[in-house]
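As structure tokens, the structure follows; a few thoughts come after it.
No value in this document is a laboratory result; all are computed from the given coordinates. What you see is a predicted model, and the numbers here were worked out from it, not measured in a lab. Note that each Cβ is placed from the backbone with ideal geometry, even for glycine, and that neighbours are counted across all protein chains shown.
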Ligand SMILES: CC(C)(COP(=O)(O)OP(=O)(O)OC[C@H]1O[C@@H](n2cnc3c(N)ncnc32)[C@H](O)[C@@H]1OP(=O)(O)O)[C@@H](O)C(=O)NCCC(=O)NCCS
């Protein structure tokens, strides 16, 4: 039997689409590969059922495989990113930037003036991406993230003005 063909890591083959509760299982499976405290499918269903939710999923291949996601929430003129990630094999190809850009635009269209998020202070890839996008530090939550080894890491709260998006 011949070996399976290697996956072509070509970001042009990745499409973004709006996520719905029908994507909850694949979102949960993807989330579990990236985070120490994974969200299960029921959590995704709950967030995606909320009227203010906005979410994008990045997919490639045939059959389609989820390689990234971003889930946000709009309320009045504020928006927040609840979770965001790109699977390890597909990182550093511009997919995270595309997902973030899509959410920013959706939030701005929803009349949000600011986009907020929390990020661990030691998450360098995310911090570089957010800083290059224009997010600015608003505050710090001491020991907010508990790591499996038992140590705690501060969360930085960041915000981006959406006026110019
Ligand atoms: C953060 C994350 C979503 C970025 O996704 P990505 O698809 O790899 O990001 P992109 O390829 O779009 O990168 C955009 C820019 O971010 C910065 N960046 C991304 N990864 C980086 C890294 N490992 N080191 C330094 N800068 C990085 C770079 O400026 C990059 O642009 P460049 O490649 O032209 O230099 C991804 O690393 C991830 O899923 N991490 C694990 C989950 C997570 O931490 N989510 C965020 C929680 S707040």
*Any idea what angle helix 95-109 forms with the longest principal axis of the chain, computed on alpha-carbon atoms, 0 to 90 degrees, nearest 10?*
50 degrees
*asked:* Quick check on segment 90-147: what does the Kirkwood estimate of hydrodynamic radius come out to from the alpha carbon pairs, in Å?
replied: 13.0 Å
*Just from the alpha-carbon atoms, what are the Rg and Dmax of segment 116-165 in angstroms?*
12.0, 41
*Pull up the DSSP beta bridges for segment 11-161 and report the antiparallel fraction as a percent, rounded to 5.*
90 percent
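Most exposed first by the Cβ proxy, i.e. fewest other Cβ within 10 Å, how do 130, 145 rank? Could the numbers behind the result be given before it?
Numbers: 130 22, 145 18.
Lowest to highest Cβ neighbour count: 145, 130.
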_Nearest 10 degrees is fine. How inclined is helix 124-133 to the longest principal axis of the chain, computing both from alpha carbons?_
70 degrees
*Counting alpha carbon pairs within less than 8 Å and at least 6 residues apart, what relative contact order, in whole percent, applies to segment 11-161?*
18 percent
*Please report, in Å, the Rg and the Dmax of the chain, where both are computed over Cα atoms only.*
16.2, 57
*To the nearest 500 deg cm²/dmol, what mean residue ellipticity at 222 nm is calculated for the chain from DSSP H runs of n ≥ 4 alone, each contributing -39,500 (n - 2.57), summed and divided by the residues?*
-8000 deg cm²/dmol
